[in-house]
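Enquirer: There's a structure below that I have some questions on.
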Amino acid sequence: MSKTDKNEMSFVKKLVSNQLFIPIMALLLLAVINLINDPGFFKITLGTNNAGNPVLSGYLITILDYGSELGILAIGMTLVTAASGGQDISVGATIAIAGSAMLRVLCGGNSRPTEIQAPIIVAFLVACVVGMLCGAFNGMLVAIFKIQPMIATLILFTAGRSIAAWINNNELPIVPDPKFAYFGSFIPGIPIPTTVFIVIACVIVIAVVLKFTNLGLYTQAVGINENSSRLNGINPTFIKFLSFVILGICVAVAALIKVSRLSTINYSVIAKDIEMDAILAVALGGNALSGGKFNMWASILGAYVIQFLTTTLYKFNVSSDALAAYKAVVVILLVVFSAPTVRDYMAQLSKKFTNSKKEVA
Amino acid sequence: MSRDKKGIFDKMNDTNLLLTITIVIFFLMYLGAVIFQGGGFTKPQMFFNILNSNAALIITACGMSVVMITGGIDISVGGVVALVSMCCAVYLDKHNGSIIGSVFIAIGIGILYGLIQGFLVAYLDIQPFIVSLAGMFFARGMTTIVNTAPFNVANEQFNALKLTRIYVPGMGTTNKKGIYVPAYVEIGVIVALLIVILLFVVLRWTKVGRNFYAVGGNKQSALMLGINVKRTKFYSHMICSTLAGIGGYVYFLHVGSGSASHAMGMEMNAIASSIIGGTMLTGGVGNIIGTFFGVLSLSTIQNIVSSAGLDQAWWTGITIAAMLCIFLLIQSVVMAQKKKALKN
Amino acid sequence: MDEKKVLEMKGIDKTFPNVRALRNVDFSLCEGEIHALMGENGAGKSTLIKVLTGVYTKDAGTITLKGKGEVQIHSPQDAQKLGISTVYQEITLCPNLTVAENMYIGRTEGALTNWKKINEAADKLLKSLEIPATATQQLSNCSIAVQQMVAIARAVDMDCKVLILDEPTSSLDEQEVEKLFGLMRDLKKRGVGIIFVTHFLDQVYEVCDKITVLRDGGLVGEYEIKDLPRVQLVAKMLGKELDDLSDIKGEGGTYEGKDKDEKIFEAKDLQSNAGIKPFDFYIKKGEVNGFTGLLGSGRSECVRAIFGADRVINGTVKMHGKSVKINKPLDAMKNGIAYLPEDRKKDGIIQDLSVRENIVMALQVLTGFFKPFSKAQQYAFADEYIKKLNIKTASADTPIKSLSGGNQQKVILARWLLMHPEYLILDEPTRGIDVGTKVDIQKLVLELAKEGMSVTFISSETDEMLRTCSRLVVMRDRKVVGELSGEDLTQNKIMSTIAGESKS
């Protein structure tokens, strides 16, 4: 009897201590709330859009679609967090820069071109280079000048949107080619949002990288003990730098989606506050924000939990401006319950509870 | 070891070293502005206007410095300022409240924020960045929940207070028509200066002030030295948030309206001012006087940029960022040099 | 309670998750007594100290202080108020504050700081203790040794009844240790009870009056120093009679391969940016040699230069007679050099990673970024060395930080052995670990050498070096001042070379 008890205990313990536990529980909780509120929440319907193409619609599709940028950013943010023990708060601003560069290439400095001036792939590659350069700038400050990541990235956070506006002379060019809009919506004939495929591609890429290189091991080693990893032949400066550059690529992909959704850009609004959501995704995934060990999948899951929360709040008629207040409460509850001190306290409470139960028996 | 040869770096402690750099750079910059741009910069009122429009920033930046010296960070201050403005505006305008009442509301919001954030950071050991991030989200969201649309306050008493000018003797100038125009500051500036002096005294001479430095320098050591680390962290957040509340009122007094988009990015300006003023983000190093000059440097550069005709909005952002970048590099290089000098 | 006893701890119990750190431990301290607290790592010394200073709360037992009766200590502040002061191995002062402030913060009356008063008081105290620092200096501008002395000055000034010195000597050189001992004797005369924790047996026999030995969280006993010879003390700490340590050399013989005279590694005018003078050095195949000298004489800096751990600024390096470039650790590793660093916590272990990941780390880096080992391969490597070196760990997946110091050191050793280096550098591999593991490591070194590995061994304990090395490079003031081998390898000869006397 007592033995099975013990086994059960250790199973529960194992489950609770798993990193995926918090995001999955949060996801389930949100699902249940929605189920009670409106069972229709989970309905997915196949309809046609304005252009007459078949599209899937429903709240779940919305979550999958609009969570994409966040999911992609979570990949890079997790690596930066793990390697440098800090976060990049400039991602929103660098999305603006990369997006602006992309538009500049596509529209050639002309705000109302009749056709695109360069192939989309070229524009995207330019955006990638710009994103990587921004990442390299942050990475240089952090890895070489040893400035704390949050402060180093404060520079681009402050200047980013201004630089983005400057790239296009503060004009808002519109991309004339409807094909460009495919990335942020649907490819004709395929009812699943394109963003879902982009995320899947990114996840596969990072999974392959983590599986077939030592990126994960090196990053964690550098994040935990820089001195030791250096004496083991790892180059911590390069690894930190690399993590920022990888985040730069993620930023470029996110920028592609963001810009494609509108076919234009709004410098002060595009990807606003997304850095906060990306950091929260990492934290929700149970990764220590002070760096070290990380779980990539938990972070990505965390990103979708946040999008799920956003969508749920919209469903409850929360205005988009007030959204932040509710999110904040949820975030605080989450971090409070995952705080070690609170966990210890609760463990003690439950111990006392079981003990008193035994005494009664 | 050759510790007899003492360089200038050895004699000064970190705080004084960075403070000196800041003050010197500020004066050089202002002097440069006077020489090369002349015009407005030669008039004392230009300087007082910088104070007038940045009184709130001075107050919040001072609070930020306290938290940063203790080794933490608080990015909720901009949100708190907006929330305070909106609440006070609604109270004065829609409920026809009194001035005293609105001041109480402002300080009350600040204290409440300090209590909650301080508790979460100090006693539950949650990272200050995350706590204040949520705090910022909450404040911004709450502001729109209190009132979505921005509006101006029409309360007479309040507007009388808002327009109160305190003349600075001997600093006036004579305008083209030969009429003497006295230089003035707003009430907020007086509040800000009082707070700067008060905090300077607190950080320099009081036990709790020194504890901030100790905890920021090394948390573990501070505990071993018999300092109540949790309480000290809690106090630092209390001070920061309360000052954000007061700063919010001063901001409100300056702009006279409530809006959800008030004080956007003020937290970043406050952090930038503290850093420019020589506060190290790693904690333990910093000075309120430095922060004061940090705010002045930041706004002077903004003024230089706009009076140089580079009025497009993006230049402000870029110059602030460039300046932050330069100061961070100076800090990083100076500290590295110092470490190197010590090793040999 | 005995009249002279200032402190009595009875029946102290402390349990951590999974570990019972202290079992019914008694400890007592008299006025004007220096009392050594001895035990291997993991014996419970630090836990007992931390219970006494309020860092941990005890699960059971009583603490009684003279004149105060039974007391409850919940925090370091409580302990301080009750007259219990502690000086730790790591500096527990704030580097950003001034010397004077570090001496007085957290214990002054009133809400305001009187700078003039504390600066004057601090200067007076520093002078009387002959500490080379001024009150207004920023602490981080002082050397580590001076910082340590400031910490002691603080404790001394607190008018404490009980002074705990937790391995205060590990970062001090000999003269500084002497000064510290002078200070301790002075305090003893004033009636302060001192608890002294150290790994150096010599120091215990030099200053202490009594010894309390702990083992595996339990009390072994309390002894007068004169009643407990060294061998007995070691035996009590280990819990078994020890075979004579001094005879492990020659047990296994030396390497007898044909190429035993080949110089595996040779350096000329090597110099790094860590402030050492250029030095020449070589090691032959299967040889065990060592760098000796006082702490801070540059022994570690020399081997760090060989491994490329500091930036090499001068000199040429040859492996097997061919000249090679070693600018960073990876270059050295590619040439078959392995380096176990001096500071295990700071430079050795990667705390949150598992024992398995810590073991495969070096070989993995050497294999390359794009060729990760499979999980199975990693387990195979880890299990092999856990068995070979007898590493005590719950599993290969346990985070290394939850292992004891000695076992952590074995994991790091395993990491480098897995690389199958030609040349292994061990910098203080036995520091801060228990006697049993020390012997294991020394034996291992000799075995490896017998199989043809070249080893450079550095230790603060000269007898350890004499036992293992066949040639010693002597250093003084960051310079190589001599080389000893064969007949010259005696304690006296080493001492006189270090001291710089021409004849012994």
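Enquirer: Treating cross-link reach as a plain straight distance, find the aspartates and glutamates whose alpha-carbon is under 19 Å from the alpha-carbon of A:Lys272, omitting any fewer than eight places away in the same chain.
Expert: By straight Cα distance, A:Lys272 reaches A:Asp65, A:Glu69, A:Asp88, A:Glu171, A:Asp321, B:Glu267.
Enquirer: Additional query: Cβ under 12 Å from C:Ile350's Cβ, C:Ile350 left aside: what net charge do those residues give with Lys, Arg +1 and Asp, Glu -1?
Expert: On the way: positive: A:Arg230, A:Lys293, C:Arg344, C:Lys345, C:Lys346, C:Arg356, C:Lys401, C:Arg415; negative: A:Glu226, C:Asp347, C:Asp352, C:Glu357.
Summing Lys and Arg as +1 and Asp and Glu as -1 gives +4.
Enquirer: Measure up C:Lys58/C:Lys392; A:Lys258/A:Lys315; C:Lys4/C:Lys66 against 20 Å on the Cα-Cα distance and list the ones that go over.
Expert: Values: C:Lys58/C:Lys392 27 Å; A:Lys258/A:Lys315 22 Å; C:Lys4/C:Lys66 8 Å.
Beyond 20 Å between Cα atoms: C:Lys58/C:Lys392; A:Lys258/A:Lys315.
Enquirer: Please turn the phi angles of the stretch C:111-118 into ³J(HN,Hα) values with the Karplus equation 6.51 cos²θ - 1.76 cosθ + 1.60 (θ = phi - 60°), one per residue in order, whole Hz, x for glycine and proline.
Expert: 8, 9, 9, 8, 4, 4, 5, 6
Enquirer: Would you mind giving the mean number of other chain beta-carbons within 10 Å of the Cβ of each residue in B:208-220, as a whole number? Intermediate results must be reported in sequence, preceding the final value.
Expert: Details: counts 1, 3, 9, 2, 0, 5, 8, 1, 3, 8, 8, 1, 4.
Average per residue, whole number: 4.
Enquirer: Separate question: Report, in debye and to the nearest 20, how large the dipole of the protein assembly as shown comes out about its Cα centre when Lys and Arg carry +1 and Asp and Glu carry -1 on their Cβ. Before the final figure, lay out the partial values.
Expert: Values: 115 positive and 98 negative charges, 288 e Å.
Computed about the Cα centre, the dipole is about 1380 debye.
Enquirer: Taking H as built 1.01 Å from N, whose amide H comes closer than 5 Å to the amide H of B:Val168, not counting residues under 5 places away?
Expert: Amide H neighbours of B:Val168, under 5 Å, 5+ apart: B:Ala183, B:Tyr184, B:Val185.
Enquirer: Using alpha-carbon pairs under 8 Å, 6+ residues apart, how would you state the relative contact order of the stretch C:5-228 in percent? Could the numbers behind the result be given before it?
Expert: Details: 423 pairs, mean separation 68.4, N = 224.
Averaging sequence separation for qualifying contacts and normalising by length gives 31 percent for the stretch C:5-228.
Enquirer: Along Cα→Cβ, 7 Å out, is where each label goes; now give me the distance between the ones at C:Lys268 and A:Arg112 in nm to one decimal.
Expert: 7.8 nm
Enquirer: Find which of B:Leu225, A:Gly223, A:Ile44 sits farthest along the positive direction of the dipole of the protein assembly as shown, computed with +1 on the beta-carbon of Lys and Arg, -1 on that of Asp and Glu, about the Cα centre.
Expert: Checked the options; the winner is A:Ile44.
Enquirer: Whole-Hz ³J(HN,Hα) for each residue in the stretch C:20-32, computed from phi via Karplus 6.51 cos²θ - 1.76 cosθ + 1.60 with θ = phi - 60°, x for glycine and proline: what do you get?
Expert: 3J(HN,Hα) across the stretch C:20-32, in whole Hz: 9, 6, 9, 10, 6, 8, 10, 7, 9, 9, 9, 4, x.
Enquirer: So for the pair C:Lys68, C:Arg20, with labels modelled 7 Å out along Cα→Cβ, what separation do we get in nm?
Expert: Simple spin-label model gives 2.9 nm for this pair.
Enquirer: Sticking with this one: For C:Lys388, go through the aspartates and glutamates and keep the ones whose alpha-carbon is under 12 Å away, minus same-chain ones fewer than eight residues off.
Expert: C:Asp440
Enquirer: Quick check on the stretch A:77-198: take the gyration tensor over C-alpha atoms, sort the square-rooted eigenvalues as a ≥ b ≥ c, and tell me if it's rounded (a/c under 1.5), prolate or oblate. Don't jump to the answer; show the numbers that get you there.
Expert: Details: a/c = 2.82, a/b = 1.60, b/c = 1.77.
Note, shape of the stretch A:77-198 comes out oblate.
Enquirer: Which of the pairs C:Lys188/C:Lys345; A:Lys240/A:Lys293; C:Lys14/C:Lys210; C:Lys127/C:Lys210; A:Lys146/A:Lys327; C:Lys258/C:Lys438 have their Cα atoms more than 22 Å apart in this structure?
Expert: Numbers: C:Lys188/C:Lys345 34 Å; A:Lys240/A:Lys293 14 Å; C:Lys14/C:Lys210 24 Å; C:Lys127/C:Lys210 31 Å; A:Lys146/A:Lys327 33 Å; C:Lys258/C:Lys438 31 Å.
Over 22 Å apart, Cα to Cα: C:Lys188/C:Lys345; C:Lys14/C:Lys210; C:Lys127/C:Lys210; A:Lys146/A:Lys327; C:Lys258/C:Lys438.
Enquirer: With a ≥ b ≥ c the root eigenvalues of the C-alpha gyration tensor of the stretch A:245-317, is it rounded (a/c under 1.5), prolate (a/b larger than b/c) or oblate?
Expert: Details: a/c = 2.32, a/b = 1.26, b/c = 1.84.
Note, shape of the stretch A:245-317 comes out oblate.
Enquirer: Which angle between 0 and 90 degrees, to the nearest 10, do you get for helix C:435-450 versus the longest principal axis of chain C when only C-alpha atoms count?
Expert: Compared with the principal axis, the helix lies near 10 degrees.
Enquirer: Give me the number: length gained by fully extending A:Ile190 to A:Asp321, i.e. 0.36 nm times residue separation minus the C-alpha to C-alpha distance, one decimal in nm.
Expert: Working: separation 131, 0.36 × 131 = 47.16 nm, distance 3.32 nm.
Full extension from A:Ile190 to A:Asp321 adds 43.8 nm.
Enquirer: Roughly how many debye, to the nearest 20, is the charge dipole of the stretch B:3-343 about its Cα centre, given +1 on each Lys and Arg Cβ, -1 on each Asp and Glu Cβ, and no other charges? Don't jump to the answer; show the numbers that get you there.
Expert: Details: 22 positive and 10 negative charges, 213 e Å.
So the magnitude is around 1020 debye.
Enquirer: Is the shape of chain B best called rounded, prolate or oblate, per the rule: a/c under 1.5 gives rounded, else a/b larger than b/c gives prolate, else oblate, with a ≥ b ≥ c the square roots of the Cα gyration tensor eigenvalues? Provide the component values of the computation, followed by the final result.
Expert: Details: a/c = 1.95, a/b = 1.17, b/c = 1.67.
It comes out oblate by the Cα gyration axes.
Enquirer: Further question on the same structure: Quick one: if you stick a label point 7 Å off each Cα along the C-beta vector at C:Tyr282 and B:Asn152, how many nm between them?
Expert: Using points 7 Å along Cα→Cβ, the separation is 9.1 nm.
Enquirer: Here is a follow-up. Can you work out ³J(HN,Hα) from phi for every residue in the stretch A:199-204, in order, using Karplus 6.51 cos²θ - 1.76 cosθ + 1.60 and θ = phi - 60°, giving whole Hz and x for Gly and Pro?
Expert: Going residue by residue, I get 4, 4, 4, 4, 5, 4 Hz, with x marking Gly and Pro.
Enquirer: Among A:Val105, A:Ile167, A:Gly92, flag the residue with its Cα farthest along the positive direction of the charge dipole of chain A, charges on Cβ as +1 for Lys/Arg and -1 for Asp/Glu.
Expert: A:Gly92
Enquirer: Amide H to amide H, which residues 5 or more places from C:Ser272 or on other chains are under 5 Å from it, using H placed in the peptide plane?
Expert: C:Ile313
Enquirer: Just name one of A:Val142, A:Asn317, A:Gly131: the one whose Cα is farthest towards the positive end of the charge dipole of the protein assembly as shown (beta-carbon charges, Lys/Arg +1, Asp/Glu -1).
Expert: Among A:Val142, A:Asn317, A:Gly131, the one farthest towards the positive end of the dipole of the protein assembly as shown is A:Asn317.
Enquirer: Given R₀ = 45 Å, FRET efficiency for A:Asn227-B:Ala308 by Cβ-Cβ distance, to 0.05?
Expert: 0.45
Enquirer: At a threshold of 8 angstrom on Cα-Cα distance, excluding pairs fewer than six apart, so keeping six or more, what relative contact order does the stretch C:263-499 reach in percent?
Expert: Values: 462 pairs, mean separation 65.3, N = 237.
That works out to 28 percent.
Enquirer: Using the alpha-carbon atoms, what tilt in degrees (0 to 90, nearest 10) does helix C:144-157 show relative to the longest principal axis of chain C?
Expert: 10 degrees
Enquirer: Helix C:405-418 versus the longest principal axis of chain C: what angle, 0 to 90°, nearest 10, using Cα atoms?
Expert: Taking the Cα atoms of chain C, the angle to C:405-418 is about 10 degrees.
Enquirer: Which cross-chain or sequence-distant (5 or more) residues have an amide H under 5 Å from the amide H of C:Ile164, H modelled 1.01 Å from N in plane?
Expert: Sorted by chain and number, the residues that satisfy this are C:Ser85, C:Thr86, C:Val87, C:Ile195.
Enquirer: Give me the lysines in straight-line cross-link reach of C:Lys268: C-alpha distance below 25 Å, same-chain residues under 8 apart excluded.
Expert: Of all the lysines, those that pass the test against C:Lys268 - Cα under 25 Å, at least 8 places apart if same chain - are B:Lys343, C:Lys260, C:Lys277, C:Lys284, C:Lys285, C:Lys318, C:Lys322, C:Lys325, C:Lys328, C:Lys334, C:Lys479.
Coordinate-derived values only; no laboratory data. Quick caveat, the model's predicted, so the values are computed rather than measured. Heads up, the Cβs are rebuilt from the backbone with ideal geometry, glycines too, and the neighbour counts pull from every protein chain shown.
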